[in-house]
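Below is a structure I'd like to ask you about.
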Amino acid sequence: MNWKIKFICISIFTMMLNSVCTPVLGASKIGDLKDEINEVLDEKSSAEANIRNADKLLTKIQFEQNNISSQILRLEDAIEENNKKYIEVKNSIKQTTYASELASKEQGNLKDKMNKRNEIIKNRARSWQETDRNIGYLEVLFGSSGLNDLFNRLEIVTLILKADTELLKEHSKDQEELIEKQEIIKKGLKDLKSEELELEEIVVIIEEQKKQKDLLIKNLKEKEIAVKEEKRKLNQTLASLAAKEKAMNIVLKHNETIQEHTVSNPTLNIVNYISSSPGMVPDKYYPYYLEAEAKYGIPWPILASLHYIETRYSTHPTMISSAGAIGHYQFMPASWVGYKYNVGGGLVDPSLDITNLDIIKAGNGYGTDGSGDGKADPFNFQDSLASAAKYLASHGFSENPSKAIWHYNHAQWYVDDVLSYAELIKGTSANQNNVSNSVANVSNSVVNVGNKWIGNSVYIFGSGRNADDIEKGKFDCSSFVHWAFNEIGKKLGNLSSVTTDTLKKLGDSVPYEEIQPGDMVFFDTYKKDGHVGIYVGDGKFIGAQGSTGVAIADMSKGYWQEKFNGRVNRIK
């Protein structure tokens, strides 16, 4: 059905429903009293619902507090470990610098030694020289008095020349060893200083993350106090209403006039649509979330959280908001098809076919054909889901998730709700073990296996090389890549000694033009091939980054585009 026809039909249905469900008030005093009792019951029901909501909110706040506290502990641990490594590097720099100074001193000593050798070589024939005359080896030989004397002199000169040759060999060997030693020290010092710079940057970033988490904890505690106070007031209201109900029932019971009348049924409010629990993701949607995650790099809990918040997992009766947002993920028509067609308030001309892909392309809209039927229909779930994932990816989700979600709905409370619900539903889908084999294969591939660590890990230089680190989500870039391939049965050498330098020697080299999801990609950061990740498609890669822990980053622009060195290795 065309989306414009859907809108008209649903609007007519809504008007009919509101007209037939208006309650009829009783005329008698008893009827009025019953109506008043029903009003009190409605108020009680509302207060009880609000108390339940407050309890849910308190549970959510406590959950968030516990989660953030755990993150803070991990960050503190990461800061401590990185600081230890920083001190170790500083000590190594100090020792290497001292070794360099010793080498320089040794070079001076060697020069003195060489000068002495040269002096010995120059004065070899002095014992054969006449007073105040310098004579060479040939003159010594020609000055012999006879044949016996000549042989004697020749033997001595030969011994002197042999000694000179040995001295020259020692001279050359010492020079070569000293130069080699100085080069080793120089390279080691350069590598250590590069590591020192990286560790300094990592510690600063993690400390800033901890400050942000501490602020979140403070805000949550303030929110918890406010909610508890609101709940206290609601309980007072509920007690007052209960007392009022009891008194009114006593009056009704003792009323001598009993009169039959009709009490209207509660009104069905079309706005208060079905509200599925955010902690239970409907089975039928989960595979589609995973497919969108694999294609666009948006974690499935975020996509499910948006789905829940916007239309309560598509149980909204009209799929159209009062502002005109439409479909499963509530896009404004102009956003869907492109603001080129905006006629005001995010709406478009009703005659415009917003499912037409050519029209969407011309308007630079976000509408996407996720179902493969050649159209982009906001009332088609797969199309709507793909469009929401594309929208978040286009607004920089991989670099700043909160900012991307804010673009979806310009309100901080909305961002907080999406992130909170996403955390709540993580790992709770009833059918995570019952999805189709094809989807399971995708979710278990090297591209997606690391998604469990997104937002749940920290970067620590040199970590991730034992079971304890991995259990706590502590990785550096090379240990994460090793872990991810190991999870799908691909061994990339010894875990304890894995580095970017060992990884870059594995697999087949592939031209960037032929890159595929699952290929290893390398970046020149603090050194050549200093960082590694796994390509996930659409110009993005997943890896353990110093600023985020495990995350999906965009290598088609910004920092990672500048650092990408073109190296792509494929593991078969």
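The values are calculated or read from the model by the stated rules, or taken from the named source; none is laboratory data. Being a predicted model, the structure only gives us computed values, none of them experimental. Positions of Cβ are generated from backbone atoms using ideal geometry, with glycine treated the same way; all protein chains shown enter the neighbour counts. The area values use the complete protein model at the heavy-atom level, side chains included, leaving out ligands, DNA and RNA. Shrake-Rupley method; radii C 1.70, N 1.55, O 1.52, S 1.80 Å.
Mind ordering 508-519, 306-317 by average Cβ neighbours within 10 Å, highest first?
Ranked from most to least packed, the peptides come out as 306-317, 508-519.
Share of segment 481-527's accessible area from carbon and sulfur, percent, 1.4 Å? Spell out each step's value before the answer.
On the way: 1140 of 2410 Å².
Ligands and nucleic acids excluded, carbon and sulfur give 47 percent.
May I pose another question? Output ³J(HN,Hα) for segment 330-344: one whole-Hz value per residue in order, computed from phi by the Karplus curve 6.51 cos²θ - 1.76 cosθ + 1.60 with θ = phi - 60°, and x for Gly and Pro.
Coupling constants for segment 330-344: 6, 8, 5, x, 5, 6, 5, 9, x, 5, 4, 9, 4, 10, x Hz.
In whole percent, what relative contact order does segment 351-402 give with Cα contacts below 8 Å and a gap of six or more residues?
On the way: 58 pairs, mean separation 13.8, N = 52.
Normalised by residue count, the contact order of segment 351-402 is 27 percent.
Further question on the same structure: Using the heavy atoms of the protein chains alone and a 1.4 angstrom probe, what is the accessible area of segment 464-511 per residue in square angstrom? Spell out each step's value before the answer.
On the way: 2220 Å² over 48 residues.
On a per-residue basis, 46 Å².
Still on this structure, I have one more. What does the accessible area of Arg232 come to, in Å² to the nearest 10, when a probe of 1.4 Å is used?
Counting only protein heavy atoms, Arg232 exposes about 110 Å² to solvent.
Here is a follow-up. Local charge sum around Gln561 (other residues, Cβ-Cβ under 15 Å, Lys/Arg +1, Asp/Glu -1)?
Values: positive: Lys540, Lys557, Lys563, Arg567; negative: Glu399, Asp524, Asp538, Asp554, Glu562.
Result for the neighbourhood of Gln561: -1.
Taking the highest mean first, how do the peptides 91-98, 209-216 order by number of other beta carbon atoms within 10 angstrom per residue?
Values: 91-98: 13.8, 209-216: 15.2.
Descending mean neighbour count gives 209-216, 91-98.
With θ set to phi - 60°, apply the Karplus curve 6.51 cos²θ - 1.76 cosθ + 1.60 along segment 380-385 and write out the HN-Hα couplings as whole Hz, x wherever there is a Gly or Pro.
Here the 3J(HN,Hα) series is 9, 4, 5, 5, 5, 4 Hz.
Quickly rank 474-482, 54-62 as a protection proxy: mean count of other C-beta atoms within 10 Å, highest first.
Averaged packing, sorted descending, gives the order 474-482, 54-62.
Now for a separate question. ³J(HN,Hα) across segment 400-407 via Karplus (A = 6.51, B = -1.76, C = 1.60, θ = phi - 60°), whole Hz, x for Gly/Pro?
8, x, 4, 5, 5, 5, 4, 4
Amide H neighbours of Lys540 under 5 Å, at least 5 residues apart or on other chains, H built in the peptide plane: list them.
Met555
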